[in-house]
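To start, the structure under review is shown below, and the notes come after it.
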Amino acid sequence: MTRPKGGAGAVTDCNPTVRCIESRKEEGPSIASYHFTARMVRRKEKRIVTQVAAYKFADRIECARTGEAFDYRNNERVMWTGINGPAFAPAWVQYRSVLWNAVELAETRKDAQLACE
């Protein structure tokens, strides 16, 4: 989106992740707009879903398919993690390592899309 700088409706950068649009009034506050992007974890891109899960949730997960262990417990950016499953889900779903290894082993195709991040 290209708009002229300054004036009504001009787009300005507030920070790296949120873009602000100046209000139509000359003296009014800026309004933040939200942007969300989801990426697929694809095996053909040589990505391992257990590694992505360990990083996102600041946990240690060992991949049953490759035998690698991924430890991101020192990641201080993660404040809280949890798994919310339906009441009828099996108990193993509540264990992150077991859950993501099941996803990794269930998909056998080389072009599998394993998760969305």
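Quick note: the coordinates plus some simple rules give every number you see, no bench work behind them. All figures in this text were calculated on a predicted structure; none of them were measured in a lab. Glycine also receives a Cβ, built like all others from the backbone with ideal geometry; neighbour counts cover every protein chain displayed.
Side notes on the structure shown:
- Qualifying strands (runs of 3 or more DSSP E) (wholly inside region 26-117; at least 1 residues being polar (S, T, N, Q)): 31-33, 113-116
- So residue 49, is it on the phi < 0 side of the Ramachandran plot and touching a Gly at 6+ places or on another chain (Cβ under 7 Å): no
- Residue in region 38-61 that is touching a residue at least 12 places away in the same chain (Cβ under 8 Å), farther than 28 Å from residue 111 by Cβ and of a type in the set (Lys, Arg) present: yes
- Among the residues of region 67-93, those identified as over 15 Å from residue 57 (Cα atoms) and among the aromatic types (Phe, Trp, Tyr) are 88, 92.
- Residue 58 falls short on exactly one of the conditions (1) loosely packed, with under 13 Cβ neighbours inside 10 Å; (2) among the aliphatic types (A, V, I, L, M); (3) under 20 Å from residue 116 (Cβ atoms), and that condition is (1).
- Condition met for residue 64 (under 28 Å from residue 111 (Cβ atoms) and within 16 Å of the chain's Cα centre (by Cα)): no
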